[in-house]
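Chemist: Attaching a single structure in structure tokens format; questions to follow.
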Amino acid sequence: MHTGVLTGEPDDVLAARSIVKGLIYLPSAKPAFTAIERRSEAPSREGNPAVAYSRIPAPAASECAWCGHAFGAGDEHRNGRIRCARCGVATTSPWPSDEQLGQAYAPWYRPVAGRFSGVGDKVLKRTRSALATRLQRVLPQGPILDVGAGDGTLVDAFRRHGREAVGVDPYASGDHPHIRAAEFEEMTGAWSAVVFWHSLEHLRRPVRALRHAADVVVPGGMLIVAVPNATSMQARVFGDRWLALDLPRHLVHITPPALLSQIEDLGFRIEKVSYLRGGQVLFGWLHGLVVQLPGHPDLYDAIRRTEARQAAQGALFRAYTLAAAAAALPAALVGTAIEVAARSGGTIYVQARRTAAAVTQAP
Ligand SMILES: [Zn+2]
């Protein structure tokens with residue numbers, strides 16, 4: 001049985017409190033940005049970002065990145081992605097080359113000094129710390145593997161608790177002692193928990209990664225997944241301008257039924273589902289409301305440090321963007337409350353336990 005959010009457990013009360021923190025509960029320590037190619041071409045505040053992405057020189061996606069279904073006329077073609085008629089998950093299309101993806105993760109976006117201006121980086125660190133503290137109570141004893149560990153903020157937070165934690169990230173800089181610059185499937189071992197914190201949607205073969213997780217998590221161990229919810233109210237309201245569409249870094253746009261059934265099919269028992277605690281929910285509303293205004297101000301860009309922005313911003317335009325965000329806050333809070341109550345929040349969080357008989361063989 002799935003436990004909803006706000007069930008009155010202490011954890012959920014904490015999650016509810018974090019809704020205000022959510023203003024700066026930023027898209028994780030993972031790449032989640034506007035593509036560098038747009039940095040050099042047109043400023044993102046002109047036109048529609050999904051339409052702009054759909055024009056890159058790359059072949060259309062030929063199959064669903066989630067279920068492998070071959071795309072045809074029966075699938076729903078949208079700007080920058082194709083929605084699978086079989087499983088409901090959308091795949092980014094055109095399908096970017098490794099080089100195009102590499103450009104989208106270029107170092108400008110994650111400068112050594114930090115990404116966010118003001119207290120942003122500190123708040124990000126604190127929210128990762130709070131996440132580690134909460135998971136620390138939930139996860140069984142033993143080592144934790146963070147998939148798509150980015151700059152290691154979550155790994156560091158676990159290690160401050162005395163946990164053995166290792167991260168894996170093909171785009172890792174290589175200078176963090178506990179982050180391996182590798183693909184997840186190259187990691188072996190027996191892990192008490194595997195965490196995909198806003199990373200599954202970045203993978204070319206996310207189901208293969210989940211299957212690998214079922215291989216390396218010990219019986220009784222846990223799988224933790226947080227991903228944007230592609231059928232959330234904010235995804236439907238903001239469409240091509242939804243923050244978490246994030247083309248091309250997000251290669252799959254996952255729905256809760258597809259995610260939950262896949263996890264169960266792999267031999268995990270789902271213990272908790274939340275449409276709030278994956279973070280980014282309130283920020284998704286704020287970003288989506290602000291970007292509707294004249295000039296399409298990009299709030300996510302505006303809160304980043306000057307050197308980490310995808311487009312140059314004048315001080316006045318940035319002030320306008322931040323003021324718009326302050327004005328939009330009440331509406332964003334209402335949107336968040338409604339979608340979370342409707343179990344249609346901007347992210348989905350899943351906590352699942354591996355049963356003794358995990359199914360890890362490819363179909
Ligand atoms: Zn599919």
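The values are calculated or read from the model by the stated rules, or taken from the named source; none is laboratory data. On a predicted model such as this, the values are computed, not experimentally measured, just so you know. For neighbour counting, all protein chains shown are included, and Cβ atoms are generated from backbone atoms with ideal geometry for every residue, glycine included. Ligands, DNA and RNA are excluded from the accessible area calculation, which covers all protein heavy atoms including side chains. Shrake-Rupley method; radii C 1.70, N 1.55, O 1.52, S 1.80 Å.
Chemist: Any chance you could look up the accessible area of MET233 with a 1.4 Å probe, heavy atoms only, rounded to 10 Å²?
Modeler: In the full protein context, MET233 sits at about 50 Å².
Chemist: Calculate, in nm to one decimal, what GLU76 and ALA341 gain on full extension: separation in residues at 0.36 nm each, minus their alpha carbon distance. Let's see the in-between values first.
Modeler: Values: separation 265, 0.36 × 265 = 95.40 nm, distance 2.83 nm.
Working it through step by step, the gained length comes to 92.6 nm.
Chemist: Something else: Using the beta-carbon distance between LEU322 and ALA356 and R0 = 35 Å, what value does 1/(1 + (r/R0)^6) give for FRET efficiency, to the nearest 0.05?
Modeler: It comes to 0.10.
Chemist: At 0.36 nm per residue, and after removing the present C-alpha to C-alpha distance, how many nm does the segment from ASP265 to GLU63 gain when stretched out fully?
Modeler: 70.6 nm
Chemist: Let me ask something else about it. Can you pull the three principal axis extents for the Cα set of segment 57-111, in Å, largest first?
Modeler: 42, 20, 19 Å, listed from the longest principal axis down.
Chemist: Compare PHE317, PHE184 by solvent-accessible area with a 1.4 Å probe and give them largest first, with all protein chains kept in place.
Modeler: Ranking PHE317, PHE184 by accessible area, largest first, yields PHE317, PHE184.
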